[in-house]
1. Span-like helices, the chain: DSSP H, alpha-carbon axial extent 24 Å or more, mean Kyte-Doolittle -1.0 or greater, which ones?
2. Apply the Karplus parameterisation 6.51 cos²θ - 1.76 cosθ + 1.60, with θ equal to phi minus 60°, to every residue of the stretch 241-253 and state each ³J(HN,Hα) to the nearest whole Hz, in sequence, with x for glycine and proline.
3. Of Lys161/Lys197; Lys86/Lys129; Lys183/Lys225; Lys129/Lys161, which pairs sit farther than 21 Å apart, going by alpha carbon to alpha carbon?
4. Along the three principal axes, how long is the stretch 149-257 when you take its alpha carbons, biggest first, rounded to the nearest angstrom?
5. Can you list residues whose amide H is under 5 Å from Phe38's amide H, if they're 5+ apart or on another chain and H is modeled 1.01 Å from N?
6. 222 nm [θ] for the chain, helices only, -39500 (n - 2.57) per DSSP H run of 4+, per residue, to 500?
7. Straight-line reach only, C-alpha to C-alpha below 18 angstrom: list the lysines that Lys259 could link to, leaving out same-chain residues fewer than 8 apart.
8. Averaging the inverse of every distinct alpha carbon separation and then flipping it gives the Kirkwood radius. What is it for the stretch 10-130, in angstrom units?
Amino acid sequence: MKINPEAADAKLQQKLTQAFNQSPTAMFVTGAGGNIEFANEAFCRSRGCSPEEICDRHCQDFGIQHLTGEEVSAMWRELGAAHPWKTETSYAQPDGRVRWEEIRLQGLIDESGQLTGLVGSLTDITQRKQNDLALRESEEKLRRILQAAHDAIILVDEEGKIRLWNQAASRIYGYSNEEAMGKDILELLAPARDLEKVRATFRESLVSGQGSGINQTTEWTMRRKDGQEIMVELSLTAVMFGDQRFFLGVDRDITERKKSEMERELLIKSLEEALANVKTLSGLVPICAACKRIRDDKGYWNQVEAYISSHSEARFSHGICPECIHKLYPEIESEL
């Protein structure tokens, strides 16, 4: 059976046209100058136009208007050299909604190497752009929260390298973000005398993520950039990003608080010692009705002032009352 070549070509053309139109991807074909010669149904729907309204219009009218003249010239040079060209662009739909597309163009080169046209495809990337925007907004919110925090927030990887360092960390420890990022946190902040002990604790945490101090609040002595040692309250958590473990630390400077606590403890101790040394008189005190001497626990009779001085903090200064002056020194009473 003989096959009519023209009929076969027509049938193939029909199938290609049908596949072109049924493709969910917006596609178009242009001539050498860039005017659209054919656009599929997906392209027409994306622009809200009929095929008749689209044909013979330049492809730049449908999505790449934002390119500068130099960029357009560069695009045509690449396409003329049979290089594919790609860009992202936005456009407004008839209803006013803004959509984003990825445009891919491929030059059609004839046997003589001349550009005879373009094949273009448009992929809707609006959802991806919206997701990217939402992600950037979330990252910006998180960044602002981290930077506004009063406590140092530090993220380190499994090697102990600093991956996040907020402004409070710079204020507390004295290192800028540039100075801290990528540095070994233990060598940067741990006092030299504690370095091996702290490093052993960190290795323990690396093994299981459940080492001492993980998911707990502990107190540590840290070293600032200027060498000053400070006390910090550290809340440490192990977190997973993908298959990699990180450690998130929230450090609060409690140096002044610990200083106040120590001063308070010293004051309390001093008061307790003072109270322990206070001498008091209590109970019945045996006193002579005539001479007013007081009998002590050993049976000895003591002058009142001697007894009181030995049993309290009281001290005496001596004088003479008017009655005793009248009785003992009547000759000078009139002179007083």
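1. Once both thresholds are applied, what remains is 5-22, 255-277.
2. Taking θ as phi minus 60°, the curve returns 10, x, 9, 10, 8, 10, 10, 9, x, 10, 9, 10, 6 Hz for the stretch 241-253.
3. Lys129/Lys161
4. 36, 26, 22
5. Sorted by chain and number, the residues that satisfy this are Val29.
6. -12000 deg cm²/dmol
7. By straight Cα distance, Lys259 reaches Lys269.
8. The answer is 15.0 Å.
Readers should treat all values here as calculations from the given coordinates under stated rules, not as data from a laboratory. Not measured: the values here are computed from a predicted model.
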